[in-house]
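Contents: one structure, followed by commentary.
The values are calculated or read from the model by the stated rules, or taken from the named source; none is laboratory data. If you're wondering where the values come from, they're calculated on a predicted model, not measured in any experiment. Every residue, glycine as well, gets a Cβ built from its backbone with ideal geometry; the counts of neighbours run over all protein chains shown. For the accessible areas, the whole protein counts, side chains as well, though only heavy atoms, and no ligand, DNA or RNA atoms are used. Shrake-Rupley method; radii C 1.70, N 1.55, O 1.52, S 1.80 Å.
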Amino acid sequence: MSRNTKLIVVVRDPVTRAISDYTQTLSKKPDIPSFESLTFKNRTTGLIDTSWSAIQIGIYAKHLDNWLQYFPMEQILFVSGERLISDPAGELGRVQDFLGLKRIITDKHFYFNQTKGFPCLKKAEGSSKPHCLGKTKGRTHPNIDPEVVQRLRDFYRPFNMKFYQMTGRFFGWDD
């Protein structure tokens, strides 16, 4: 791989990401254990099971530590998954700038699909029809015990703070 390779990494709130990961798996395997039981090694002590991939993936600082062994930070762009939804043109503007491309993607290229809860392209390249993410995206998440969500927020907070420090960007996941 070229040492000049640029990496574009989309990140989102690790708690929401873990729940989304679980929702995706649940749609394929409806008989899996509950999110809560997979989250904890021991629910009473609140010990999070970091061996579960849905939890592990959201420890972004750990992954970035590994990537920085091979790529300088200037070659990595972190895209906010939340901003891709709230301001797709703005976030894609950052991508275009990072790649040294002229900014051609603007707000006029998107519409908000109420059913999906996501912005969609008004017209896909080479097509006259709008294009939205596939049916595996935008699924309704199961209700998760708020205490479990809070414990996960507490678990991820130090990793998120380290990630914000490493990237120089505050993603606001701990609000």
Practice item. Looking only at segment 55-77, count how many residues are open to solvent by 20 Å² or more (accessible area, probe 1.4 Å) and of a type in the set (A, V, I, L, M, F, W, C). Key: 5
Revision key, fill the gap. When every residue in segment 82-93 that is touching a strand residue (DSSP E or B) at 6+ places or on another chain (Cβ under 7 Å) and surrounded by fewer than 17 Cβ atoms within 10 Å (Cβ to Cβ) is compared, the one farthest from Phe170 (Cα to Cα) is Ala89
Review point. Given (1) part of a helix (DSSP H, G or I); (2) modelled with pLDDT under 70, where does Lys135 come up short, assuming only one miss?
Key: (1)
Exercise for review: Evaluate segment 153-166: report whether one residue or more is exposed (fewer than 12 other Cβ atoms within 10 Å of the Cβ), modelled with pLDDT under 85 and under 19 Å from the mean Cα position of the chain (by Cα).
Suggested key: no
Review point. Which residue out of Val15, Val9 is out of contact with any helix residue (DSSP H, G or I) (no Cβ under 6 Å at 6 or more places or on another chain) and touching a residue at least 60 places away in the same chain (Cβ under 8 Å)?
Key: Val9
Study note, to complete from the structure: Filter segment 1-54 for residues that are β-branched (Val, Ile, Thr) and exposed (fewer than 11 other Cβ atoms within 10 Å of the Cβ); the one that is modelled with the lowest pLDDT is Thr44
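Filter segment 69-96 down to residues that are without any contact (Cβ under 8 Å) to a residue 40 or more places away in the chain and closer than 17 Å to Lys6 by Cβ, then give me how many there are. Full working, then the answer.
As a first pass, look at segment 69-96 and keep what is without any contact (Cβ under 8 Å) to a residue 40 or more places away in the chain: 69-70, 72, 74, 83, 85-94, 96.
Cutting the leftovers down to closer than 17 Å to Lys6 by Cβ gives us 69-70, 72, 74, 91-94, 96.
Total meeting the criteria: 9.
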Review point. From the residues in segment 94-104 that are open to solvent by 60 Å² or more (accessible area, probe 1.4 Å) and among the hydrophobic types (A, V, I, L, M, F, W, C), which one is farthest from Val9 (Cα to Cα)?
Key: Ile104
